[in-house]
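These notes are about the structure you will find just below.
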Amino acid sequence: MCKDAEDNIISHPDLILERWKDYFCKILNISEAIDTQTIIRGRTNNQPQIPLTPYNEIRYIINNLKLNEAAGSDNIPPGLLIHGGRTRKQNLHNLILMMD
């Protein structure tokens, strides 16, 4: 949901896309019109644009992490992923697939 120019709440997906189009055209001073139907078709296309990451690739990446590195911004030390076992790697792979 979002608000239209008069601060009324709109919830229909087509109206929301039209509102965002108008908003960005106004901010960016774009004179040519953007085809909203193209945006809708791209948004509702059920086929992923990027191929799904196979489990073996995730496992390979995890196994090749440097063990003595510090944890990143997620505060997960590499050792936890490396020594977490197959179940942890499968869970991480499932999480990555959910984000695609």
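The values are calculated or read from the model by the stated rules, or taken from the named source; none is laboratory data. Here the structure is a predicted model, which is why all the values come from computation and not from measurement. Positions of Cβ are backbone-derived with ideal geometry, glycine not excepted, and every protein chain shown enters the neighbour counts.
Odds and ends about this structure:
- Residues satisfying the stated conditions in segment 59-78, i.e. assigned to a loop (DSSP other than H, G, I, E, B) and within 17 Å of ASN94 (Cβ to Cβ): ASP74, ILE76
- In segment 1-34, the qualifying residues are those that are surrounded by fewer than 10 Cβ atoms within 10 Å (Cβ to Cβ) and of a type in the set (D, E, K, R), and the one that is modelled with the lowest pLDDT is GLU32.
- Scope segment 79-100; condition surrounded by 14 or more Cβ atoms within 10 Å (Cβ to Cβ) and not in a helix (DSSP H, G or I); matching residues: GLY84
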